[in-house]
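*Asks:* One structure is given below, represented as structure tokens, and several questions about it will come after.
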Amino acid sequence: MSYKVVVIGGGAAGFFGAITCAQVNPDVDVVLLEKTNKLLAKVLVSGGGRCNVTHNCFSPGPLSQHYPRGAKPLKDAFKTFGAQETVAWFEQRGVKLKTEADGRMFPVTDSSQTIADCLLQEARKAGVNIKTGVGVSLITPPDATINQLNYIVQLSNGTEIKADKVLICTGGNPKATGYDWLRELGHPIQEPVPSLFTFNVPGNPLKELMGVSVPHARVRIAGQKLEYEGPLLITHWGYSGPAVLKLSAWGARIFHDQNYTFTALINWIPTYTEESLRTELQNYRQSHPKKVVITNALFGLPQRLWKALTTLAEIQPETKWAELPAKNTNKLVEALLRMAVEVKGKSTFKEEFVTCGGIDLSQVNMKNMESRLHTGLYFAGEVLDIDGITGGFNFQAAWTTGFLAGSAMAAKL
């Protein structure tokens, strides 16, 4: 079999690349290969089945700052196809998106099936030939010395396909061996390590509070410059929520090197400095001397959390503010601003798995996603050493790199 363009991988980037290529140049024969029998699997499970399509951040510079790896090259890429273009693309095809309070954007239907159906419909309309249950075992680039003018794509079933252009969108892989077939092309690989994960705290002093959350906390890693602010959730195994997930992305390689064993310092009220906190506590003490410390939560914290933090400060249940010893006040300040928890391990966030690592960006032309080593070979999506924090940024990178690759392949044929 012979095709002009072979797209390997039936996820977000693969579909977007294939659709773009076929729409820009309708004369191109495009085939999309997916090794499993499930197309757009990650699209369907993301965002709790709602699909966090992108983020309401329409300026290329600020948008690129949400990527621990790939920020600089993506800034220029977003000038061509960013979040605003993504919203317009889906709306032009009848899929309206809405923005939630935290900036995440979802289809108004709140169903990821809407996004999957749109992509499948567009691929079929554009004439993309979709084949499932077809894996790829080897790609052999053209070699003029033996008069081989096409890419040879060897399939797992023993057959082969000839192609003028090949787009690889096989996603991230948790194991380094998953990239071996790409190493054979001479492309350097950044070793994959997990990104976007929750913190396991076996001796969590707040374990009984699982399900309690605060809308604004700061999590800092002792001995590192790593910190992040945002909503924080106490779980039965430790801590989760955007503050932890986003911190895990920025510190992915550091945490891996530390074998996921480190001390996290939680600031439950990051709008306060130690000085302003002590002043606030002193003022409250003077205004409400007869109130019982444990039973009157301050700073908008949930009562159960306040009680647990005051217990950590060794404040007795019946102690009134007027009777609070200085040493317990000091311990309360520590518990509020620097509660130390010993992290030992991680957990995958829901069904979503993101890796940092993949094809080294130094050998990819990020203007068109073409390999610098092999003309006619392209990459898009999480197979690249690009990953964003949670909030729709990984899908945006997939749409952007898929669009650039698809446009470039169509124009060059």
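*Asks:* Determine how many Å³ per residue the convex hull of the Cα atoms of region 266-363 encloses.
*Replies:* Once divided by residue count, the hull of region 266-363 is 165 Å³.
*Asks:* In nm², what is the average projected area of the convex hull enclosing the Cα atoms of the chain?
*Replies:* Across all orientations, the chain yields a mean hull projection of 21.8 nm².
*Asks:* Using the Kirkwood radius over C-alpha pairs as Rh, can you work out the diffusion coefficient of region 110-262 via Stokes-Einstein at 25 °C, viscosity 0.890 mPa s, in µm² per second?
*Replies:* For these conditions, the coefficient is 123 µm²/s.
*Asks:* What does the extension gain come out to for residue 225 and residue 59, with contour length at 0.36 nm per residue minus their alpha carbon separation? List each step's numbers first, then the result.
*Replies:* Numbers: separation 166, 0.36 × 166 = 59.76 nm, distance 2.68 nm.
Going from the current span to full extension adds 57.1 nm.
*Asks:* Please state, as a whole number in µm²/s, the translational diffusion coefficient that the Stokes-Einstein equation yields for region 70-186 at 25 °C and 0.890 mPa s, with Rh defined as the Kirkwood radius across alpha carbon pairs. Intermediate results must be reported in sequence, preceding the final value.
*Replies:* On the way: Rh = 18.0 Å.
Answer from the Stokes-Einstein relation: 136 µm²/s.
*Asks:* Same structure again: Over the chain, what is the percentage of antiparallel beta bridges among all DSSP beta bridges, to the nearest 5?
*Replies:* 70 percent
*Asks:* Taking H as built 1.01 Å from N, whose amide H comes closer than 5 Å to the amide H of residue 346, not counting residues under 5 places away?
*Replies:* 200
*Asks:* If you plug each phi of region 365-375 into the Karplus form 6.51 cos²θ - 1.76 cosθ + 1.60 with θ = phi - 60°, what whole-Hz ³J(HN,Hα) values come out, in order, with x for Gly and Pro?
*Replies:* Karplus values, whole Hz, x for Gly and Pro: 6, 6, 7, 9, 6, 8, 4, 7, 9, 9, 4.
*Asks:* Could you please rank 42, 320, placing first whichever residue has the fewest other Cβ atoms within 10 Å of its Cβ?
*Replies:* Listed from fewest to most nearby Cβ atoms, that is 320, 42.
*Asks:* If the chain between residue 322 and residue 411 were fully stretched, how many nm would it gain, using 0.36 nm times the residue separation less the Cα-Cα distance? Intermediate results must be reported in sequence, preceding the final value.
*Replies:* On the way: separation 89, 0.36 × 89 = 32.04 nm, distance 7.65 nm.
Stretched out fully, the residue 322 to residue 411 stretch lengthens by 24.4 nm.
*Asks:* Let me spell out the model: positive unit charges on the Cβ of Lys and Arg, negative unit charges on the Cβ of Asp and Glu, origin at the Cα centre of region 197-347. What dipole size does that give, in debye rounded to 20?
*Replies:* Dipole of region 197-347, to the nearest 20 debye: 100 debye.
*Asks:* Determine, for 255, 262, 299, 393, the number of other Cβ atoms within 10 Å of each Cβ, and report the residues in order from fewest to most.
*Replies:* 299, 262, 255, 393
*Asks:* On to the next question. Which value results for Rg/Rh of region 197-347 when Rg is the Cα radius of gyration and Rh the Kirkwood radius based on the inverse mean 1/r? Before the final figure, lay out each step's value.
*Replies:* Values: Rg = 15.8 Å, Rh = 15.9 Å.
Computed over Cα atoms, the ratio is 0.99.
*Asks:* Counting alpha carbon pairs within less than 8 Å and at least 6 residues apart, what relative contact order, in whole percent, applies to region 132-261?
*Replies:* After rounding, I find 17 percent.
*Asks:* Any of 98/412; 96/131; 98/207; 35/344; 291/344; 175/346 with alpha carbons more than 27 Å apart? Name them for me.
*Replies:* Exceeds cut-off: 98/412; 96/131; 98/207; 35/344; 291/344.
*Asks:* A follow-up question, please. Calculate the FRET efficiency for residue 117 and residue 288 from the Cβ-Cβ distance with a Förster distance of 35 Å, rounded to the nearest 0.05.
*Replies:* Rounded to the nearest 0.05, the efficiency is 0.05.
*Asks:* Express in whole angstrom the spacing between the alpha-carbon centres of region 100-156 and region 325-397.
*Replies:* 24 Å
*Asks:* Same structure, new question: What percent does the relative contact order of the chain come to when contacts are Cα pairs within less than 8 Å and at least six residues apart?
*Replies:* Once divided by the residue count of the chain, the mean separation gives 25 percent.
*Asks:* So what's Rg/Rh here for region 222-271, counting alpha carbon atoms and using the Kirkwood radius for Rh?
*Replies:* 0.94
*Asks:* Another one. Just add up the charged neighbours of residue 297: K/R +1, D/E -1, any other residue whose Cβ is under 12 Å from the Cβ of residue 297.
*Replies:* On the way: positive: 291, 304, 307; negative: none.
Local charge sum for residue 297: +3.
*Asks:* Separate question: Quick one: grab Rg to one decimal and Dmax as a whole number for region 373-413, Cα atoms only, in Å.
*Replies:* 11.6, 36
The numbers here are math on the coordinates, done by the rules we state, and not lab data. Here the structure is a predicted model, which is why all the values come from computation and not from measurement. Counting neighbours? That spans all protein chains shown, and the Cβs are built from the backbone with ideal geometry, glycine included.
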